[in-house]
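Comments concern the structure below.
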Amino acid sequence: MKSLIEVDTLRDPIDTSTPQGMFSLQVLGAVAQLERSLISERTKAGLRAAKARGKVLGSPAVRERRPDTIRKMTAARAKRYIDSLIASADQWMPTVKRMRPAHTWDDVVRVLNARGQDWTVDRLSRAVRTLVSQRMADPDLLKKSPPRSSDDRLMTLIAGIAMADPDLSLRDIARQLGRMRERTPRGGAKWNASSVKQQLDRAKKLGLVSAVS
(Lines give C-alpha, C1' and ligand atoms only; values in the text may rest on other atoms or scores of the structure.)
Protein backbone atom coordinates (compact mmCIF):
# COMPACT_ATOMS: atom_id res chain seq x y z
CA MET A 1 0.00 0.00 0.00
CA LYS A 2 2.77 2.41 0.90
CA SER A 3 4.59 2.05 -2.42
CA LEU A 4 1.35 2.60 -4.37
CA ILE A 5 0.65 5.78 -2.42
CA GLU A 6 4.13 7.10 -3.10
CA VAL A 7 3.88 6.37 -6.85
CA ASP A 8 0.40 7.87 -7.20
CA THR A 9 1.45 10.96 -5.26
CA LEU A 10 4.45 11.52 -7.52
CA ARG A 11 2.44 11.03 -10.71
CA ASP A 12 -0.58 13.04 -9.58
CA PRO A 13 0.46 15.98 -7.37
CA ILE A 14 -2.05 17.08 -4.74
CA ASP A 15 -3.42 20.60 -5.02
CA THR A 16 -3.72 21.62 -1.36
CA SER A 17 -5.45 24.87 -2.32
CA THR A 18 -8.70 22.94 -2.90
CA PRO A 19 -10.91 21.13 -0.35
CA GLN A 20 -10.44 17.87 -2.27
CA GLY A 21 -6.68 18.26 -2.20
CA MET A 22 -6.62 18.95 1.53
CA PHE A 23 -8.85 15.92 2.13
CA SER A 24 -6.51 13.72 0.10
CA LEU A 25 -3.50 15.02 2.02
CA GLN A 26 -5.22 14.29 5.34
CA VAL A 27 -6.05 10.74 4.19
CA LEU A 28 -2.46 10.12 3.17
CA GLY A 29 -1.26 11.48 6.52
CA ALA A 30 -3.66 9.17 8.37
CA VAL A 31 -2.46 6.16 6.36
CA ALA A 32 1.17 7.06 7.06
CA GLN A 33 0.44 7.42 10.78
CA LEU A 34 -1.31 4.03 10.77
CA GLU A 35 1.68 2.44 9.06
CA ARG A 36 4.07 3.92 11.65
CA SER A 37 1.85 2.62 14.46
CA LEU A 38 1.75 -0.86 12.93
CA ILE A 39 5.54 -0.91 12.54
CA SER A 40 5.92 0.16 16.17
CA GLU A 41 3.51 -2.56 17.36
CA ARG A 42 5.28 -5.24 15.30
CA THR A 43 8.65 -4.13 16.65
CA LYS A 44 7.42 -4.24 20.26
CA ALA A 45 5.84 -7.65 19.70
CA GLY A 46 9.08 -8.98 18.25
CA LEU A 47 11.08 -7.67 21.20
CA ARG A 48 8.65 -9.26 23.66
CA ALA A 49 8.84 -12.58 21.84
CA ALA A 50 12.64 -12.50 21.77
CA LYS A 51 12.76 -11.69 25.48
CA ALA A 52 10.35 -14.56 26.23
CA ARG A 53 12.73 -16.93 24.42
CA GLY A 54 15.49 -15.83 26.78
CA LYS A 55 17.36 -13.70 24.29
CA VAL A 56 19.33 -10.83 25.82
CA LEU A 57 18.40 -7.64 23.99
CA GLY A 58 20.66 -4.77 23.13
CA SER A 59 24.18 -4.39 21.82
CA PRO A 60 26.80 -6.68 23.41
CA ALA A 61 29.29 -3.82 23.30
CA VAL A 62 26.96 -1.61 25.32
CA ARG A 63 26.14 -4.32 27.84
CA GLU A 64 29.84 -5.00 28.34
CA ARG A 65 30.52 -1.27 28.55
CA ARG A 66 33.41 -1.40 26.13
CA PRO A 67 35.38 1.85 26.42
CA ASP A 68 35.41 2.60 22.69
CA THR A 69 31.66 2.08 22.44
CA ILE A 70 30.98 4.26 25.48
CA ARG A 71 33.18 7.00 24.01
CA LYS A 72 31.29 6.87 20.71
CA MET A 73 27.93 6.99 22.48
CA THR A 74 29.04 9.92 24.64
CA ALA A 75 30.33 11.80 21.59
CA ALA A 76 27.08 11.13 19.71
CA ARG A 77 24.99 12.42 22.63
CA ALA A 78 27.17 15.52 22.92
CA LYS A 79 26.80 16.21 19.20
CA ARG A 80 23.02 15.85 19.34
CA TYR A 81 22.92 18.23 22.31
CA ILE A 82 25.09 20.84 20.57
CA ASP A 83 23.06 20.52 17.37
CA SER A 84 19.84 21.12 19.33
CA LEU A 85 21.35 24.22 20.98
CA ILE A 86 22.47 25.62 17.63
CA ALA A 87 19.05 24.95 16.10
CA SER A 88 17.23 26.84 18.87
CA ALA A 89 19.83 29.52 19.65
CA ASP A 90 18.02 32.26 17.75
CA GLN A 91 15.12 31.93 20.22
CA TRP A 92 17.11 32.56 23.40
CA MET A 93 20.73 33.52 22.70
CA PRO A 94 20.02 37.17 21.71
CA THR A 95 18.41 37.74 25.12
CA VAL A 96 21.33 36.07 26.89
CA LYS A 97 23.82 38.25 24.98
CA ARG A 98 21.96 41.43 25.87
CA MET A 99 21.45 40.60 29.56
CA ARG A 100 24.58 38.73 30.61
CA PRO A 101 26.64 39.30 32.69
CA ALA A 102 24.92 42.48 33.88
CA HIS A 103 21.95 40.40 35.06
CA THR A 104 21.78 37.19 37.04
CA TRP A 105 20.94 33.89 35.39
CA ASP A 106 17.70 33.90 37.36
CA ASP A 107 16.62 37.19 35.80
CA VAL A 108 17.51 35.99 32.30
CA VAL A 109 15.52 32.79 32.81
CA ARG A 110 12.51 34.73 34.05
CA VAL A 111 12.58 37.00 30.99
CA LEU A 112 12.82 34.03 28.62
CA ASN A 113 10.10 32.05 30.38
CA ALA A 114 7.78 35.06 30.40
CA ARG A 115 7.90 34.75 26.60
CA GLY A 116 6.69 31.17 26.69
CA GLN A 117 10.01 29.33 26.87
CA ASP A 118 10.86 26.68 29.46
CA TRP A 119 14.27 27.15 31.06
CA THR A 120 15.85 26.59 34.43
CA VAL A 121 19.00 28.35 35.63
CA ASP A 122 20.99 25.11 35.46
CA ARG A 123 19.83 24.26 31.93
CA LEU A 124 20.44 27.74 30.56
CA SER A 125 23.87 28.19 32.14
CA ARG A 126 24.86 24.73 30.92
CA ALA A 127 23.70 25.57 27.40
CA VAL A 128 25.76 28.77 27.37
CA ARG A 129 28.81 26.99 28.83
CA THR A 130 28.54 24.40 26.08
CA LEU A 131 28.46 27.01 23.33
CA VAL A 132 31.37 28.86 24.94
CA SER A 133 33.37 25.62 25.06
CA GLN A 134 32.71 25.21 21.33
CA ARG A 135 33.82 28.81 20.71
CA MET A 136 30.32 29.71 19.55
CA ALA A 137 29.68 32.25 22.33
CA ASP A 138 31.60 34.95 24.20
CA PRO A 139 33.20 33.68 27.45
CA ASP A 140 32.21 36.98 29.10
CA LEU A 141 28.64 35.66 29.24
CA LEU A 142 29.76 33.35 32.03
CA LYS A 143 31.18 36.10 34.24
CA LYS A 144 29.60 36.61 37.62
CA SER A 145 26.92 39.29 37.66
CA PRO A 146 27.68 42.28 39.91
CA PRO A 147 25.81 42.65 43.21
CA ARG A 148 22.99 45.17 43.08
CA SER A 149 20.48 46.69 45.45
CA SER A 150 16.83 45.70 44.96
CA ASP A 151 16.07 49.05 43.27
CA ASP A 152 19.04 48.76 40.93
CA ARG A 153 18.17 45.15 40.14
CA LEU A 154 14.63 46.13 39.14
CA MET A 155 15.89 48.96 36.95
CA THR A 156 18.47 46.81 35.18
CA LEU A 157 15.94 44.00 34.75
CA ILE A 158 13.52 46.34 32.98
CA ALA A 159 16.39 47.72 30.91
CA GLY A 160 17.32 44.16 29.96
CA ILE A 161 13.76 43.39 28.87
CA ALA A 162 13.65 46.53 26.75
CA MET A 163 17.01 45.78 25.15
CA ALA A 164 16.14 42.14 24.53
CA ASP A 165 13.13 43.18 22.46
CA PRO A 166 13.23 46.83 21.31
CA ASP A 167 9.77 46.47 19.73
CA LEU A 168 8.09 46.10 23.12
CA SER A 169 5.95 49.04 24.21
CA LEU A 170 5.89 50.31 27.80
CA ARG A 171 2.59 48.50 28.32
CA ASP A 172 4.06 45.29 26.90
CA ILE A 173 6.90 45.48 29.42
CA ALA A 174 4.42 46.18 32.22
CA ARG A 175 2.43 43.07 31.27
CA GLN A 176 5.61 41.00 31.13
CA LEU A 177 6.64 42.18 34.59
CA GLY A 178 3.21 41.14 35.83
CA ARG A 179 3.63 37.66 34.35
CA MET A 180 7.01 37.47 36.04
CA ARG A 181 5.36 38.48 39.33
CA GLU A 182 7.80 41.31 39.83
CA ARG A 183 6.74 43.83 42.47
CA THR A 184 6.68 47.54 41.72
CA PRO A 185 9.14 49.81 43.57
CA ARG A 186 6.34 50.47 46.11
CA GLY A 187 5.61 46.77 46.51
CA GLY A 188 2.49 46.65 44.36
CA ALA A 189 1.57 43.80 42.07
CA LYS A 190 0.22 45.86 39.15
CA TRP A 191 2.56 47.67 36.78
CA ASN A 192 1.61 50.52 34.51
CA ALA A 193 3.39 52.22 31.61
CA SER A 194 4.45 55.25 33.67
CA SER A 195 6.20 53.07 36.28
CA VAL A 196 8.08 51.26 33.54
CA LYS A 197 9.08 54.57 31.94
CA GLN A 198 10.47 55.87 35.24
CA GLN A 199 12.75 52.86 35.50
CA LEU A 200 13.80 53.13 31.85
CA ASP A 201 14.52 56.84 32.28
CA ARG A 202 16.84 55.98 35.18
CA ALA A 203 18.49 53.31 33.07
CA LYS A 204 18.94 55.76 30.20
CA LYS A 205 20.66 58.31 32.45
CA LEU A 206 23.08 55.63 33.62
CA GLY A 207 23.77 54.56 30.04
CA LEU A 208 22.15 51.14 30.40
CA VAL A 209 19.84 51.72 27.44
CA SER A 210 20.41 53.96 24.45
CA ALA A 211 16.78 54.94 23.99
CA VAL A 212 13.47 54.76 25.81
CA SER A 213 10.40 53.70 23.82
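Which residues, counting only those in the stretch 107-147, are under 17 Å from Glu182 (Cα atoms) and in contact with a Leu (Cβ under 9 Å, 6 or more places away or on another chain)? Correct list: Asp107, Val108, Val109, Arg110, Val111, Leu112, Ala114.
Taken over the stretch 127-153, the criterion of being in a helix (DSSP H, G or I) and of a type outside the set (D, E, K, R) is satisfied by Ala127, Val128, Thr130, Leu131, Val132, Ser133, Pro139, Leu141, Leu142, Ser150.
Kindly provide the set of residues from the stretch 60-84 that are more than 15 Å from Ser133 (Cα to Cα), exposed (fewer than 11 other Cβ atoms within 10 Å of the Cβ) and modelled with pLDDT of 75 or more, ordered by number. Within the stretch 60-84, Pro67, Asp68, Arg71, Thr74, Ala76, Arg77, Arg80 meet the criteria. Close contacts from the stretch 32-56, counting a first residue that is in contact (Cβ under 8 Å) with a residue 12 or more places away in the chain and a second that is surrounded by fewer than 10 Cβ atoms within 10 Å (Cβ to Cβ) and in a helix (DSSP H, G or I), with Cβ to Cβ under 7 Å and a gap of 6+ residues or different chains, come to Glu35/Lys2. If you check Arg98 against the conditions, is it touching a residue at least 60 places away in the same chain (Cβ under 8 Å) and either in contact with a Lys or Arg (Cβ under 8 Å, 6 or more places away or on another chain) or surrounded by 15 or more Cβ atoms within 10 Å (Cβ to Cβ) (or both)? Here the answer is yes, as Arg98 does meet what is asked.
Of all residues in the stretch 119-136, which are under 16 Å from Ala78 (Cβ atoms) and of a type outside the set (S, T, N, Q)?
Residues of the stretch 119-136 under 16 Å from Ala78 (Cβ atoms): 123, 126-136.
Result: Arg123, Arg126, Ala127, Val128, Arg129, Leu131, Val132, Arg135, Met136.
Total residues in the stretch 102-126 satisfying the condition of being at pLDDT 90 or above, surrounded by 15 or more Cβ atoms within 10 Å (Cβ to Cβ) and either polar (S, T, N, Q) or outside any helix (DSSP H, G or I) (or both): the figure is 2.
The values are calculated or read from the model by the stated rules, or taken from the named source; none is laboratory data. Please read these numbers as outputs of a predicted model, since none were measured by experiment. Glycine also receives a Cβ, built like all others from the backbone with ideal geometry; neighbour counts cover every protein chain displayed.
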